[in-house]
Amino acid sequence: MSDVSVRGLTKRFGEVHAVEDVTFDAPSGQVTGFLGPNGAGKTTTLRVLLGLEQPNQGSAVIGGRAYRDLPSPRRTVGAVLEASGVHPGRRARTHLRLLARAAGLPHQRVDEVLRIVDLADAAERRAGTYSLGMCQRLAIAGALLGDPEVLILDEPTNGLDPVGVRWLRDLLRELAAEGRTVLVSSHLLAEVTQYADRAVIIAGGRLRYQGPLSGLTENGRSLEDAFFSLVSDQGQTEEVLGR
């Protein structure tokens, strides 16, 4: 399986330093929660990792290769950065079939992922009739089409009801148990504690912590308390690395 490795990543947009010298790992067989306040640089980091932005310095690689150099990207990486992008008049099954055809993936995989995300009974409905939670499930289905080694999700619980949140939690744990690499950006701290093995925290574009989730909750401290300590003005004066 393929690990995610980010080394000295810096990305600027004009005078704005979105990400500055960030280094962390997301190993295979584990769920890594990618945490930080709004504007911390999480989405920018993921966009660089997926080849949608070019870094000013440093690297972000998957299995030792930049995304653009992967021989079969869809079979290596599945990603959801937003749940939109589906034509509202297109049926869910048709949408997934088009994605599969474009990636050279087997036709039968479409029905498999529809069952995984529990949309088999709604596969002939048009995307415009879907709730936000159903759109999230459809987007995740698209990410799973290639049976990827690495899954990268940006705020995947948006729009999910409690049943959907629990379903996603179980799915992430199952995928990690199969040896896959799972990297999930989230702002729901309590939910992250339900599925993550590791945490990466950034604020102001800089790394504040990377390491086992348990390293943040030692001595009875809550993840929320640890998080706010790290991203506060005082916490931002020093990088903290978990071991």
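Read-outs throughout are calculated quantities, based only on the coordinates presented, and are distinct from any laboratory measurement. These figures come from a predicted structure and were not determined experimentally. Positions of Cβ are generated from backbone atoms using ideal geometry, with glycine treated the same way; all protein chains shown enter the neighbour counts.
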Worksheet item: Normalised by the residues of the stretch 72-215, what does the relative contact order come to in percent, with Cα pairs under 8 Å and at least six apart?
Response: 25
Worksheet item: What residue among Ala66, Val231, Asn219 has its Cα farthest toward the positive end of the dipole of the chain, where the charges are +1 on Lys, Arg and -1 on Asp, Glu, each on the Cβ?
Response: Ala66
Worksheet item: Given H placed 1.01 Å from N in the peptide plane, which residues other than close sequence neighbours of Lys11 have an amide H under 5 Å from its amide H?
Response: Ala18, Val19, Glu20, Asp21, Asn56
Worksheet item: Could you give me the ³J(HN,Hα) list for the stretch 189-203, computed from phi with Karplus coefficients 6.51, -1.76, 1.60 and θ = phi - 60°, whole Hz, x at Gly and Pro?
Response: 4, 5, 5, 4, 5, 7, 9, 7, 8, 10, 9, 10, 10, 10, 8
Worksheet item: Where Lys and Arg each count +1 and Asp and Glu each count -1, what net charge lies around Gly36 among other residues with Cβ under 9 Å from its Cβ?
Response: +2
Item to complete: Would you mind classifying the stretch 1-73 by shape? Square roots of the alpha carbon gyration tensor eigenvalues, ordered a ≥ b ≥ c; an a/c under 1.5 is rounded, otherwise it is prolate if a/b is larger than b/c and oblate if not.
Response: oblate
Fill in: For the chain: relative contact order, % (alpha-carbon pairs under 8 angstrom, 6 or more apart)
27
Discussion item. Between helix 162-177 and the chain, what is the angle of the helix's C-alpha long axis to the longest principal axis, kept within 0 to 90° and rounded to the nearest 10?
Written reply: 80
Worksheet item: With contacts defined as alpha carbon pairs under 8 Å and 6 or more residues apart, what's the relative contact order of the stretch 1-142 in percent?
Response: 21
Response to the item:
Rounded to whole angstrom, the alpha-carbon centroid of the stretch 184-222 lies from that of the stretch 114-167 at a distance of 24
Worksheet entry | Gained length - Val16 relative to Val163, 0.36 nm times residue gap less alpha-carbon distance | 49.0 nm
